[in-house]
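Trainee: Just passing along the structure, written as structure tokens.
Coordinate-derived values only; no laboratory data. Predicted, not measured: the structure shown is a model, and the values here were computed from it. Here the Cβ positions follow ideal geometry from the backbone for every residue, glycine too, while neighbour counts run over all protein chains shown.
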Amino acid sequence: MAEPAVRYFFGQDGTKLAYRDLGVGRPLVLLHGFFSSGAHQWLHSGFAHTLAADGHRVIVPDLRAHGDSAAPHGAEHYPDDVLTDDAFALIDYLKLTTYNLGGYSLGARTVVRMLVRGAAPSRVIVAGQGLREVTGKGGTVARYLRHVFSHLGTFKPGTAEWKAEQWLTRTGGDPEALLHVLDSVLDTPADALTGIEVPMLVVVGDRDDRDGSALALSRTVSQGTHVVVPGDHTTAITAPELAETARTFLRDQ
């Protein structure tokens with residue numbers, strides 16, 4: 001299936017941000033993970049096309065400093081919670097009133113931030129994240145990535161750090177801008193999560209070390225459902241079971 005054309009909107013600070021739009025029906029906004037892109041994570045995996053074929057208008061933005069969105073270097077372009085601000089800007093730009101939300105990894109953390117800041121989707125998919133991550137108790141990944149981005153070109157071939165650097169190169173990631181993104185991410189206190197009343201699907205790969213944390217998140221919110229699909233944190237997004245679970249969850253509304 002042909003990839004939809006890139007379209008643009010602007011963040012509150014005027015930063016040019018990209019999104020793609022496919023399908024017809026109830027809007028579903030999908031936020032991708034850190035140093036990925038909407039096209040790579042949601043389109044190339046087949047997830048977005050599966051949901052579009054099931055009667056959804058699927059809207060796939062590229063986060064600030066990712067994909068086809070601008071990646072400014074000035075710290076002033078990365079205030080606290082800027083990714084959440086950008087997501088609200090997209091919803092306002094498209095004039096969405098009734099919609100669903102989904103996110104993977106950092107995108108899922110951003111979805112949670114949207115909920116505690118007043119977003120009112122009908123249903124929410126939180127994939128590849130759990131209670132430990134959204135509350136900031138699992139900060140090892142951010143520390144690891146800061147280390148990689150700050151020591152590029154020094155890693156022994158074959159190491160995990162070297163592989164992360166290769167992925168950064170393949171995706172065209174801008175390490176300076178991505179470090180600013182990490183600085184902008186806010187944690188969400190656990191007590192704020194208990195006020196989330198939107199039906200939430202918390203889905204994670206069976207080889208993702210976030211699984212126990214995902215179960216805890218599903219039990220913290222008032223209407224959480226926990227589902228495990230095949231894969232680790234990198235590969236679960238491509239599992240047909242993830243798209244099928246999401247499709248079933250979104251149909252039941």
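Trainee: Is the C-alpha gyration tensor of segment 166-253 telling us rounded, prolate or oblate? Criteria: a/c under 1.5 is rounded; beyond that, a/b larger than b/c is prolate, otherwise oblate.
Mentor: oblate
Trainee: Run the dipole for the chain about the Cα centre, Lys and Arg Cβ at +1, Asp and Glu Cβ at -1, nothing else charged, and hand back the magnitude in debye, nearest 20.
Mentor: Charge dipole, the chain, about its Cα centre: 300 debye, nearest 20.
Trainee: Can you tell me the dipole magnitude for segment 1-136 around its Cα centre, using point charges on the Cβ only (Lys, Arg +1; Asp, Glu -1), in Debye to the nearest 20?
Mentor: Approximately 380 debye in magnitude.
Trainee: Select from Tyr144, Pro157, Met114 the residue farthest towards the positive end of the dipole of segment 85-168; place +1 on Cβ of Lys and Arg, -1 on Cβ of Asp and Glu, and compute about the Cα centre.
Mentor: Going by the Cα projections, it comes out as Tyr144.
Trainee: What ranking do 97-110, 200-213, 7-20 get when scored by the average of other Cβ atoms within 10 Å per residue, highest first?
Mentor: Per-residue Cβ counts within 10 Å, averaged per peptide and sorted highest first, yield 97-110, 200-213, 7-20.
Trainee: What are the ³J(HN,Hα) values, in whole Hz, obtained from phi via the Karplus relation 6.51 cos²θ - 1.76 cosθ + 1.60 with θ = phi - 60°, for each residue of segment 183-200 in sequence order, with x given for Gly and Pro?
Mentor: 5, 8, 6, 9, 7, 10, x, 4, 5, 6, 5, 5, x, 6, 10, 6, x, 10
Trainee: Here is a further query. Residue farthest toward the positive end of the dipole of segment 180-253, with Cβ of Lys/Arg at +1 and Asp/Glu at -1: which of Phe249, His180, Val202?
Mentor: Phe249
Trainee: Would you mind calculating the gained length between Thr248 and Thr159 on full extension (0.36 nm times residue separation, minus the Cα-Cα distance), in nm to one decimal?
Mentor: Gain on stretching Thr248 to Thr159: 28.1 nm.
Trainee: Mind listing the phi-derived Karplus ³J(HN,Hα) values for segment 56-62, rounded to whole Hz, using 6.51, -1.76 and 1.60 with θ = phi - 60°, and x for any glycine or proline?
Mentor: Per-residue couplings from phi come out as 10, 8, 9, 10, 10, x, 9 Hz.
Trainee: Contact order normalised by length for segment 7-251, with contacts defined as Cα pairs under 8 Å and 6 or more residues apart; what percent is it?
Mentor: 20 percent
Trainee: Mind giving me the nanometre distance, one decimal, between the label points for Leu186 and Thr234, set 7 Å out from Cα along Cα→Cβ?
Mentor: 3.3 nm
Trainee: Take each of the peptides 232-243, 68-79, average the number of other beta-carbon atoms within 10 Å over its residues, and list them starting from the highest.
Mentor: In decreasing order of mean packing, 232-243, 68-79 become 232-243, 68-79.
Trainee: Enumerate the amide H contacts of Arg26 below 5 Å, restricted to partners 5 or more residues apart or on another chain; note that Pro and chain-start residues carry no placed amide H.
Mentor: Counting only residues 5 or more places away or on other chains, the set is Arg57.
Trainee: Taking neighbour Cβ counts within 10 Å as the exposure measure, how do Leu250, Leu63 sort from fewest upward?
Mentor: Placing the least packed residue first, the sequence is Leu250, Leu63.
Trainee: Can you give the Kirkwood hydrodynamic radius for the chain, in Å, rounded to one decimal and based on Cα pairs?
Mentor: After inverting the pairwise mean of 1/r, the radius is 18.1 Å.
Trainee: In addition: For a footprinting-style exposure proxy, rank His226, His151, His56 by other Cβ within 10 Å, fewest first.
Mentor: Ordered from fewest to most neighbouring Cβ atoms within 10 Å, His226, His151, His56 come out as His151, His226, His56.
Trainee: Place +1 on the Cβ of every Lys and Arg and -1 on the Cβ of every Asp and Glu in the chain, take the dipole about the Cα centre, and give the residue among His49, Val134, Leu83 whose Cα lies farthest towards its positive end.
Mentor: Farthest towards the positive end: His49.
Trainee: Turning to a different aspect of this structure: For Thr188, enumerate residues with amide H under 5 Å from its amide H, sequence gap 5+ or separate chain, H modeled in the peptide plane.
Mentor: Under 5 Å from the amide H of Thr188: Thr135, Gly136.
Trainee: Next question. Give me a comma-separated list of calculated 3J(HN,Hα) values for segment 70-77, in order, Karplus coefficients 6.51, -1.76, 1.60 applied at θ = phi - 60°, integers in Hz, x for any Gly or Pro.
Mentor: Values, residue by residue: 5, 10, x, 9, x, 4, 5, 8 Hz.
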